[in-house]
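Written below as structure tokens is the structure these notes are about.
The values are calculated or read from the model by the stated rules, or taken from the named source; none is laboratory data. Every value quoted in this text rests on a predicted model; they were computed, and no experiment measured them. Quick reminder, even Gly has a Cβ in these numbers, built from the backbone with ideal geometry, and neighbours come from all protein chains shown.
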């Protein structure tokens, strides 16, 4: 056994817990999870059946944690997990799984398959079997500070542009602000409107907020790759910033996995609960709307639909807010089939969009999204995840579809009357 | 071994052996699975009505939207043979008598014609499920020896029981002995194969419901 395989096996043995043991013991090979997976439905290739993506981990579980399995191993009746096998599984565990979690909600015996894939990635990563693309993104986040290599000067430059364009201050390192706003590099580089939108929204709501110079990047490739050590380093920057600046709430940007990393995995990665709250920007907008702090004018009149980012809706429980917000600013909002809790993934979540060699498969899987669009024929698609946005734009381009994709936060901000500079709350 | 000796063995030594292995097996398997434990979730919880382990234990018995239409044989066949098995095992008068001898108490059963009907439906459903496993690419791809073996372990007790009652093929005593023998095989293998989902299905659904319920997601 190679040293890296040994390491991977050790990590896998550590992450196997009672839920995983129960899930493996419950699977009856009914194959229903395949019907929930866009990589299977769009290719028809049974190797993409979600539970099959865990086969090496299942065998390891059996060989290490069951009496009968250990006996079989002892007398040489079981097939050991090998380097070659894990290498082969890379495509199944990363390229063809976006951690969208549809399989976990259809399994009749109740197996949380995506929970297992997330844990399996820990072993894959430790054994050196994570794809180069996500590994690179994780390394850049650790060394440079962001997966796209964005550094603080780039953020500051965007801040200046936005301040000029919107006539509103973009605070940085403001101690005692209520909200710490996080960004994703995608927003810094491709969608700076997001920052302007935040400024407008916070200004109208009369809330104090800030960016942080030591923690502006919220995405967490460490989590996507399945390396909890890296994921912890990335999360800890944000936790330290939030504590240093004494904010009440950290706002995850329009990015699904950043939300999962901060909101649900963060405290577990750090091994302690947080003294501040973590909310997705859509949740914050939902709260403002409920409290009457969000007032919009006018409506979009073209036909709009909403793409639910998996980590926000199915994996994060935020489903109603975006619909309320859509209806606030749109007269012609139509829902795609399966929208909301059962929405289909854009095909590039969970780090998949960073895997170059997975692009062809991703485009194939995008046919699912395309079919949802075709069913309602929208003029524009609204979403709340910069990664979904980029992936969908690529897919639409690939299929020659002229369908603009926009972010919900920006759309809301577009309907906020231009700033009459309000006094921040409490001053 | 003559027919009667065979019947005596399966009713005595064989049965004791099978029940012992079954009980011990169930105990060991439950312990080796659930003693692994899990880490406490430190993320700030969000609560939502309907999002809990218990909710999922029940909710997962109903197909999610669109799935029934997508995989009718899996769902309908699955319902029919699972419900059929419960009716046959627990509501057939001779079986209730067996449980009474074993446990010391009994309950009312169904008329034998009703159980007979359930048995025929169960047999048909199991055959359909088998056909589905052979013909559907995903199921065939996932199938290992265990899948075919456990299918047989489930099918044979129903078939032999029904044939014994109908006095088909073999003399009643022989068929009855075969029936009991196949039940014993089922008991012996249940804890160590995928048939153990009969026990772990509740734990699995509960974990899934709890882990996601913590996030305010009703799965």
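Which one is farthest from residue B:190 (Cα to Cα), of the residues in region A:24-39 that are facing chain B (nearest Cβ under 7 Å) and within 24 Å of the chain's Cα centre (by Cα)?
Only one residue fits best here, namely A:35.
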Report task. Scan region B:30-43 residue by residue and report those that are buried (at least 16 other Cβ atoms within 10 Å of the Cβ) and either facing chain A (nearest Cβ under 7 Å) or without any contact (Cβ under 8 Å) to a residue 40 or more places away in the chain (or both). Result -> B:32, B:33, B:34, B:36, B:41, B:42, B:43
Query - Selected residue (only one of B:131, B:202, B:155 is facing another protein chain (nearest Cβ under 9 Å), surrounded by fewer than 22 Cβ atoms within 10 Å (Cβ to Cβ) and in a helix (DSSP H, G or I)) - result: B:202
Report summary line: Checked B:173, B:160 against criteria (surrounded by 14 or more Cβ atoms within 10 Å (Cβ to Cβ) and in contact (Cβ under 8 Å) with a residue 60 or more places away in the chain); the one match is B:173
Report task. Scan region B:166-199 residue by residue and report those that are at the interface with chain A (Cβ under 8 Å from one of its Cβ atoms) and either over 30 Å from residue B:114 (Cα atoms) or in contact with a strand residue (DSSP E or B) (Cβ under 6 Å, 6 or more places away or on another chain) (or both). Result -> B:192
Query raised in the report: So which of A:365, A:413 ends up being over 30 Å from residue A:178 (Cβ atoms) and over 17 Å from the mean Cα position of the chain (by Cα)?
Result: A:365
Query raised in the report: Right, residue B:93: over 18 Å from the mean Cα position of the chain (by Cα), at pLDDT 95 or above, over 18 Å from residue A:106 (Cβ atoms) and within 7 Å of chain A (Cβ to nearest Cβ) or not?
Result: no
Report summary line: Looking across region A:307-352 at residues that are outside any loop (DSSP other than H, G, I, E, B) and buried (at least 24 other Cβ atoms within 10 Å of the Cβ), the single one that is farthest from the chain's Cα centre (by Cα) is A:325
Report task. Among what's in region A:8-21 and is farther than 11 Å from residue A:116 by Cα and in contact with a helix residue (DSSP H, G or I) (Cβ under 7 Å, 6 or more places away or on another chain), pick the residue that is farthest from the other protein chains (Cβ to nearest Cβ). Result -> A:8
**Report entry** Yes/no for residue B:50 being within 14 Å of chain A (Cβ to nearest Cβ), part of a loop (DSSP other than H, G, I, E, B) and farther than 26 Å from residue A:337 by Cβ
**Finding:** no
Query raised in the report: Would you pick out the residues in region B:53-68 that are in a loop (DSSP other than H, G, I, E, B) and more than 9 Å from chain A (Cβ to nearest Cβ)?
Result: B:62
Report summary line: Scanning region A:253-290 for residues that are touching a helix residue (DSSP H, G or I) at 6+ places or on another chain (Cβ under 8 Å) and assigned to a loop (DSSP other than H, G, I, E, B), the one nearest to residue A:407 (Cα to Cα) turns out to be A:254
Query raised in the report: How many residues, within region A:243-270, are over 18 Å from the mean Cα position of the chain (by Cα) and within 13 Å of chain B (Cβ to nearest Cβ)?
Result: 3
Report summary line: If we keep only residues of region B:141-152 that are in a helix (DSSP H, G or I) and at the interface with chain A (Cβ under 8 Å from one of its Cβ atoms), then the residue surrounded by the most Cβ atoms within 10 Å (Cβ to Cβ) is B:142
